[in-house]
1. Report yes if some residue within the stretch 147-159 is aromatic (Phe, Trp, Tyr) and surrounded by 11 or more Cβ atoms within 10 Å (Cβ to Cβ); otherwise report no.
2. Are any of the residues in the stretch 148-163 touching a residue at least 40 places away in the same chain (Cβ under 8 Å) and either in a helix (DSSP H, G or I) or over 22 Å from the mean Cα position of the chain (by Cα) (or both)?
3. Name the single residue that is farthest from the chain's Cα centre (by Cα) among those in the stretch 84-116 being of a type in the set (Ser, Thr, Tyr) and part of a strand (DSSP E or B).
Amino acid sequence: MKPASLSFPLAVTALLSVAIFAVATLAQAPQTVPQPAPPTAGTPPPPAHHMHPAPTNLKVLPKELTGDQLDEIMDQWSAALGAHCNTCHTADPTNIGPNGKPRLKYADDSKPEKATARQMYTMLEEINVKYVSKIDSSGAPVTCGTCHRGHLGPEPFVAPVKEGHGPPQGTPATTAPTVK
């Protein structure tokens, strides 16, 4: 005696019916959007996005930059130089921020570091336009970080000494013969 089995078309129909039922059931289930967990006591709320005002006194950067674009550039420069905003910008003791510290006067040009930053940016742009862009497959452009690498004053480069180059260890170097 053969075991009872469903014919192939009947089995396919049964599977399709179950699949349609499952899809219809899931489609009718209430859709929930995950909500952020409510802040617990003592947890500060997440910081709101700060809209930066339109920049003024731009001398080397494009004048059409928005405040947010300028802030992004300044963040990149700060990181590349290992510096903070007050390196180039003066504090205004008459304008205290919510953190109790004086706000900065970004348009003020009294700090010499700001003039240096402008000169360095002009040099960087000239290097990229006049030289780097002329080299096929030159890769990334020169940035502040190319030289500074997180230091306000770039560290001097010292080439590593390779094994096998130069005089052997413990032997004085020979001097070139002098011409008489």
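1. Taking every residue of the stretch 147-159 in turn, none turns out to be aromatic (Phe, Trp, Tyr) and surrounded by 11 or more Cβ atoms within 10 Å (Cβ to Cβ).
2. yes
3. Thr94
Since every read-out is calculated from the coordinates, none of them should be taken as a lab result. None of these values were measured; they are calculated from a predicted model. Every residue, glycine as well, gets a Cβ built from its backbone with ideal geometry; the counts of neighbours run over all protein chains shown.
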